[in-house]
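The values are calculated or read from the model by the stated rules, or taken from the named source; none is laboratory data. Keep in mind that this is a model prediction, so the values were computed, not measured. Glycine also receives a Cβ, built like all others from the backbone with ideal geometry; neighbour counts cover every protein chain displayed.
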Amino acid sequence: MKPSSEPPKKYSDFVERFTKLGEAWEAIHMAEAEGPLDPRTARLVKLAVAIGAFKEGAVHAAFRKAREAGVTAEEMHQVVVLATATLGMPSTVAAYGWVQDVLESADPKA
């Protein structure tokens, strides 16, 4: 997957228009980074939270950012599998599909 440190255009447009919200969002991310978790682990947790919250866009973003942090697709697939007992099979299969969407958009052979 080709890393991209650029946020989606809609996000950039939004924070440009609503600067105070963008600044608040940045402050939240700065506070998140102050904890003891290393960046890879933090990205796996963020993916798990996005899956648990059943937020497709957040799963896509968490997957992309985790890849940029060096997390492998296999590690992220394990996070999806770990959600099964809590979320149930239909929700887990949906989350798997969201992860595959991002993986396949980066590598159609995936």
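Things to note:
- Members of the range 69-96 found to be without any contact (Cβ under 8 Å) to a residue 12 or more places away in the chain and not aliphatic (A, V, I, L, M), listed by number: THR72, GLU74, GLN78, THR84, GLY88, PRO90
- Single residue of the range 1-38 satisfying the filter (of a type in the set (S, T, N, Q) and within 21 Å of MET76 (Cα to Cα)) that is modelled with the highest pLDDT: SER5
- Exclusive hit being of a type outside the set (Asp, Glu) and closer than 19 Å to PRO8 by Cα, set ALA48, ALA106: ALA106
- None of LYS65, LYS9, LYS20 is within 10 Å of the chain's Cα centre (by Cα) and of a type in the set (Lys, Arg) except LYS65.
- No other residue among ALA48, ALA66, ALA31, ALA106 is free of Cβ contacts under 8 Å to residues at least 12 places away in the same chain and small (Gly, Ala, Ser) apart from ALA31.
- Flag for LYS55 being without any contact (Cβ under 8 Å) to a residue 12 or more places away in the chain, over 16 Å from TYR96 (Cβ atoms) and basic (Lys, Arg): no
- Test result for ALA50, among the aliphatic types (A, V, I, L, M) and out of contact with any helix residue (DSSP H, G or I) (no Cβ under 8 Å at 6 or more places or on another chain): no
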